[in-house]
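Asks: The structure is given below, and queries will be raised subsequently.
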2 protein chains.
Amino acid sequence: MNIYDVSERAGVSIATVSRVLNGNPNVSEKTRLRVLEVMNELGYTPNVFARGLGLNTMKTIGIMCSDSSDSYLANAIYFLERELRANGYDSILCCTGTSLDTKRQYFELLLSKRVDAVILAGSKFIEMKDKDNAYIIHAAKELPIMLVNGYLDAPGIYSTVCDDRAAMFQAAEKLLQSGRRNILYLYTSHSYSGMNKLQGYQDALSAFGLSVRKELIYQCAKNLHAAKELLLSLSESGLKFDAVMTSDDSLAVGAVKYAHARQLSIPDQLSIIGYNNSILSYCTDPEISSIDTKVEALCTATVNTLMGVFGKGNVPVKTTIAADFIQKQTTNF
Amino acid sequence: MNIYDVSERAGVSIATVSRVLNGNPNVSEKTRLRVLEVMNELGYTPNVFARGLGLNTMKTIGIMCSDSSDSYLANAIYFLERELRANGYDSILCCTGTSLDTKRQYFELLLSKRVDAVILAGSKFIEMKDKDNAYIIHAAKELPIMLVNGYLDAPGIYSTVCDDRAAMFQAAEKLLQSGRRNILYLYTSHSYSGMNKLQGYQDALSAFGLSVRKELIYQCAKNLHAAKELLLSLSESGLKFDAVMTSDDSLAVGAVKYAHARQLSIPDQLSIIGYNNSILSYCTDPEISSIDTKVEALCTATVNTLMGVFGKGNVPVKTTIAADFIQKQTTNF
């Protein structure tokens, strides 16, 4: 049921129904009463009005992110808000943290606000177990769900992803070509994006005929001092490595600090590669070679796809964007 | 006019009006029609419903910031959203950029959405000329306006500020006590906060019986490479300085890079002090002494004050929070 049904039953134009909805005084009392009666007959209640205001939409998109103070997600929110605004949509922001229960609760809350779509920003929303994603798949029957750098194959879900696997493959390949053979890999999470990055690293080793060595792969908190301490303890335990690849620039900053603490020359004795090409990768001396994950392009493509969905056009369910390797001072390719 | 007027005129309880508004089926057709008629008589139109849904509020707060990807503002948005959510309010985010016209347009847009209050995050919203702030003062007659680290003296406007002047005074005093006499001062903007910081620096010099030297005070883009280049060119021009104070950590990172480029030892030959104690101040080697501006406390206090305003309690129109100096490796106090 929508404004068209009300218009038809009341025998007035859609513009007139819209005027009644908006409290515009240019409607006769008789017409106004007739429209309100029809709304009542049809059970077209104000909650639906609230959605409607003439167009059956609040022109509002829910954006969920795990942590808006994370620099990657802060950039994503900035670009998403800008692109939505340019298309006449407001954004309601929810910072959910990482617990599944809380994410579900915020999701329900956004749906109860009758938003027109939900954008899940960042790869932290897709869980490893299918049953933990059921609530998203279910909601996608009601309204479009947009994933920024996450992927889930179900009707009504649209993904825009950065090709993290290829980006990491190419970066690892460059290190291998330059003669590095003991490449330590540090990562922060098992998210969709995190797993693709790790796969790229492993695939590059395989392509070079090298085996993947578990003692060179470590998970680490997203904290530069934690990364520095981890590398110091690995080095003290006798582990040899001539390069560090990371799933996040903050870990690469920790690697630079480790090299300084050990007086290792960068990149001769230790090459370091960050991820996201954030401001952090420019703060250190030497500055950190990193991977530009094109967050602006990802967000623009996400909003373009969403507008395509609203326009009932044919839109891609998955859009993949290539990353760029940004050569700075911690590698010598 | 509100739900209470409708309830009284229709001779039904507020709960019943609320049920009609929410499309709850537990209302007789007769009562439902009566309530809709009264709404019509009173001109209580769906736009007002939309605000209402039983409580005459959308439970939504507009947050405006100039740039959500700035690390200070990203943190502010995170804490504001969290505190509002804990109080049952949604946040609509607007990233406005810095042009006055655009800020005004976004402000109008938020008001048209019937938000319950507007929070202006960061000190970029208060202009030097009174006439440029008139639109804010005017709007504050309609709904509460909350300033996070900005100040404007008018009814309906509530400010929570960090005592930037005192923080900068104390930091400059420490430098002077440790024997520094040529303290270069770099700042990014003439905002409310920016002017208070500069005043603190100048007051400390005066308190030490030193004159303020214009050739030691420079405005600089908020960009670490711009700050580094500026310092290199000042040094080449023959300017002598033994300390650099900055209004933002990004400029202090540039100062560290300058010192590295000139092979100056930090802090012996050059002391450096940042501002905001952001992640940037931890990325460099040595790590940068900085000022913790308590953004979480500022945001919590802002939301507490707003809830006090909604509760019709007596609330402070200005709350001042003290900053902390965080001693790291670029000073030796």
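Asks: Which count do you get for residues in the range A:166-192 that are closer than 22 Å to A:Ala76 by Cα and crowded, with 22+ Cβ neighbours inside 10 Å?
Replies: So the answer is 5.
Asks: Could we say that B:Ile157 is among the β-branched types (Val, Ile, Thr), modelled with pLDDT of 90 or more and farther than 22 Å from B:Thr300 by Cα here?
Replies: No: the conditions fail for B:Ile157.
Asks: Mind checking which residues of the range B:294-324 are of a type in the set (S, T, N, Q) and at pLDDT 95 or above?
Replies: Selection gives B:Thr300, B:Thr302, B:Asn304, B:Thr305, B:Thr319, B:Thr320.
Asks: Shifting gears a bit: With the structure loaded, tell me whether A:Asp153 is in contact with a Lys or Arg (Cβ under 9 Å, 6 or more places away or on another chain), within 15 Å of B:Ser69 (Cα to Cα) and not in a strand (DSSP E or B) or whether it fails that test.
Replies: It is false that A:Asp153 is in contact with a Lys or Arg (Cβ under 9 Å, 6 or more places away or on another chain), within 15 Å of B:Ser69 (Cα to Cα) and not in a strand (DSSP E or B).
A quick yes/no check of all residues on (1) within 13 Å of the chain's Cα centre (by Cα); (2) free of Cβ contacts under 8 Å to residues at least 40 places away in the same chain:
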| residue | (1), (2) |
| --- | --- |
| A:Ile77 | yes, no |
| A:Leu80 | yes, no |
| A:Arg85 | no, yes |
| A:Thr98 | no, yes |
| A:Ala117 | no, no |
| A:Lys124 | yes, no |
| A:Ala140 | no, yes |
| A:Gly156 | no, yes |
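Asks: Restricting the first residue to the range B:282-296 and requiring it to be facing chain A (nearest Cβ under 10 Å) and surrounded by fewer than 24 Cβ atoms within 10 Å (Cβ to Cβ), which pairs with a second residue that is among the hydroxyl-bearing types (Ser, Thr, Tyr) and not in a helix (DSSP H, G or I) meet a Cβ separation below 7 Å and a spacing of at least six or different chains?
Replies: Note: pairs meeting the criteria are B:Pro286/B:Thr330.
Asks: For residues that are within 14 Å of chain B (Cβ to nearest Cβ), buried (at least 23 other Cβ atoms within 10 Å of the Cβ) and not aliphatic (A, V, I, L, M), scanning just the range A:262-276, find the one that is nearest to the chain's Cα centre (by Cα).
Replies: A:Asn276
Asks: So A:Gly23 clears everything in (1) more than 9 Å from chain B (Cβ to nearest Cβ); (2) more than 30 Å from A:Ala140 (Cβ to Cβ); (3) at pLDDT below 65 except one condition, right? Which one?
Replies: For A:Gly23, the failing item is (1).
Asks: Still on this structure, please answer the following. Quickly run through the range A:56-73 and pick out the residues that are in a helix (DSSP H, G or I) and within 13 Å of A:Val148 (Cα to Cα).
Replies: A:Tyr72, A:Leu73
Asks: Oh, and also: Looking only at residues in the range A:198-247 that are surrounded by 14 or more Cβ atoms within 10 Å (Cβ to Cβ) and of a type in the set (D, E, K, R), which one is farthest from A:Lys124 (Cα to Cα)?
Replies: Step by step, filter the range A:198-247, then rank; the result is A:Asp242.
Asks: If I filter the range B:277-292 down to residues being of a type in the set (D, E, K, R) and over 23 Å from the mean Cα position of the chain (by Cα), which single residue comes out as nearest to B:Ala76 (Cα to Cα)?
Replies: Per the stated criteria, the residue is B:Glu287.
Asks: How many residues are surrounded by 19 or more Cβ atoms within 10 Å (Cβ to Cβ), closer than 30 Å to A:Glu29 by Cα, more than 7 Å from chain A (Cβ to nearest Cβ) and at pLDDT 80 or above if we restrict to the range B:26-67?
Replies: Total meeting the criteria: 3.
Asks: Name the residue that is nearest to the chain's Cα centre (by Cα), counting only residues in the range B:170-210 that are among the polar types (S, T, N, Q) and assigned to a helix (DSSP H, G or I).
Replies: That would be B:Ser193.
Asks: Also, I was wondering about something else. Being of a type in the set (D, E, K, R) and free of Cβ contacts under 8 Å to residues at least 60 places away in the same chain is the requirement here; does A:Lys240 meet it?
Replies: It is true that A:Lys240 is of a type in the set (D, E, K, R) and free of Cβ contacts under 8 Å to residues at least 60 places away in the same chain.
Asks: Is the range A:114-125 home to any residue that is within 10 Å of chain B (Cβ to nearest Cβ) and either among the basic types (Lys, Arg) or surrounded by fewer than 18 Cβ atoms within 10 Å (Cβ to Cβ) (or both)?
Replies: no
Asks: Taking the range A:293-319 as the search range and keeping residues that are touching a helix residue (DSSP H, G or I) at 6+ places or on another chain (Cβ under 6 Å) and part of a helix (DSSP H, G or I), which one is farthest from A:Ala76 (Cα to Cα)?
Replies: Across the range A:293-319, the extreme among qualifying residues is A:Val303.
Asks: Step by step: first the residues of the range A:211-225, then only those that are more than 14 Å from every other protein chain (Cβ to nearest Cβ) and part of a helix (DSSP H, G or I), then the one that is nearest to A:Met245 (Cα to Cα). Which residue is that?
Replies: My answer is A:Leu216.
Asks: Which residue is surrounded by the fewest Cβ atoms within 10 Å (Cβ to Cβ), if the candidates are limited to the range B:68-110 and must be farther than 16 Å from A:Ile63 by Cβ and facing chain A (nearest Cβ under 7 Å)?
Replies: B:Ser71
Asks: Can you find even one residue in the range A:263-273 that is among the β-branched types (Val, Ile, Thr), under 21 Å from A:Ala323 (Cα atoms) and at pLDDT 95 or above?
Replies: Scanning the range A:263-273, I find at least one residue that is among the β-branched types (Val, Ile, Thr), under 21 Å from A:Ala323 (Cα atoms) and at pLDDT 95 or above, so the answer is yes.
Asks: Quick one: is A:Phe325 outside any helix (DSSP H, G or I), touching a residue at least 24 places away in the same chain (Cβ under 8 Å) and buried (at least 16 other Cβ atoms within 10 Å of the Cβ)?
Replies: The answer is yes for A:Phe325.
Asks: In addition: Is one or more of the residues making up the range A:234-252 within 14 Å of another protein chain (Cβ to nearest Cβ), more than 16 Å from B:Ile279 (Cβ to Cβ) and out of contact with any Leu (no Cβ under 6 Å at 6 or more places or on another chain)?
Replies: no
The values are calculated or read from the model by the stated rules, or taken from the named source; none is laboratory data. As the structure is a prediction and not an experimental result, all values here were calculated from the model. As a convention, Cβ positions derive from the backbone with ideal geometry for all residues, glycine included, and neighbour counts pool all protein chains shown.
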